[in-house]
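Structure record follows, encoded as structure tokens.
The values are calculated or read from the model by the stated rules, or taken from the named source; none is laboratory data. Not measured: the values here are computed from a predicted model. Virtual Cβ from ideal backbone geometry, glycine too; neighbours counted across all protein chains shown.
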Ligand SMILES: Nc1ncnc2c1ncn2[C@@H]1O[C@H](COP(=O)(O)OP(=O)(O)OP(=O)(O)O)[C@@H](O)[C@H]1O
Ligand SMILES: [Mg+2]
């Protein structure tokens, strides 16, 4: 029996929900790819998914949300993110967790709190309430926060070939607020957050993540 199954109100049914968070370019995709490779090697069934864009509806919403040429106020964006999240929870997250899968999600509700509340200035209470509605009681078993200072973020984004998304063009102050938001949220949920320095090498980060998963969920990741 795993520790999550022993708790009086299990966070996510029988599966395991592991969420990767952090500002743009903090290394989420890199680490998810690496963890997924490790799980593949050990034939541990898992599912990779992301927000926005984890469902067919979400893919369409993602195009709208990331398009810098399309006007969308912070509140209008919030409802689009929540629409994506609701469909994602109903169509992907809950069914996968009910089947007992390990689910790796590239972003979830904490991104909305960090970007739309801390970054864009929407009410934190409003975002918290609506996040709860969208997730309907679902919560991550572990959030891995890759914390990247703004200077490092600028370097990584300028090195990237593709054009910038709506959020990548928002500037230093905005990202500083988003980063602080993520750190604030992590402090509130220390029990289910792994805070990592995203400037460490990809190899070291991969190792830390694997160690933490083994420590927290020996029943799932142990030998
Ligand atoms: N630990 C690291 N140290 C240095 N560079 C890294 C590290 N991890 C990833 N990178 C590089 O930084 C860039 C962004 O990484 P990645 O795409 O994984 O970030 P991301 O968090 O998924 O970004 P986004 O939010 O935009 O999807 C890539 O060029 C990647 O090779
Ligand atoms: Mg990515």
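Residues that are more than 16 Å from ligand 1 (Cβ to nearest atom) and touching a residue at least 60 places away in the same chain (Cβ under 8 Å) were ranked within the stretch 170-211; the one that is farthest from residue 118 (Cα to Cα) is 192. Every condition in (1) surrounded by fewer than 16 Cβ atoms within 10 Å (Cβ to Cβ); (2) at pLDDT below 95 is met by residue 175 except one, and the failing one is (1).
Given the conditions (1) part of a helix (DSSP H, G or I); (2) closer than 18 Å to residue 74 by Cβ; (3) away from ligand 2 (no atom under 16 Å from the Cβ), and given that residue 182 satisfies all but one, which numbered condition is not satisfied? Among (1) part of a helix (DSSP H, G or I); (2) closer than 18 Å to residue 74 by Cβ; (3) away from ligand 2 (no atom under 16 Å from the Cβ), the lone unmet condition for residue 182 is (3). Take the stretch 30-46 and flag every residue that is touching a strand residue (DSSP E or B) at 6+ places or on another chain (Cβ under 9 Å) and under 20 Å from residue 99 (Cβ atoms). Those that are touching a strand residue (DSSP E or B) at 6+ places or on another chain (Cβ under 9 Å) and under 20 Å from residue 99 (Cβ atoms): 32, 35, 36, 39, 40, 44, 45, 46.
Looking only at the stretch 142-153, decide whether some residue is more than 16 Å from ligand 1 (Cβ to nearest atom), closer than 27 Å to residue 93 by Cα and at pLDDT 95 or above. Checked against the condition, which is being more than 16 Å from ligand 1 (Cβ to nearest atom), closer than 27 Å to residue 93 by Cα and at pLDDT 95 or above, the stretch 142-153 yields at least one hit.
If you go through the stretch 121-162 and pick out every residue that is in a loop (DSSP other than H, G, I, E, B), without any contact (Cβ under 8 Å) to a residue 60 or more places away in the chain and buried (at least 20 other Cβ atoms within 10 Å of the Cβ), you end up with 1. Of the helices (runs of 4 or more DSSP H) entirely within the stretch 1-66, those holding at least 2 residues that are surrounded by 14 or more Cβ atoms within 10 Å (Cβ to Cβ), more than 16 Å from ligand 2 (Cβ to nearest atom) and modelled with pLDDT of 95 or more occupy 28-41, 56-66.
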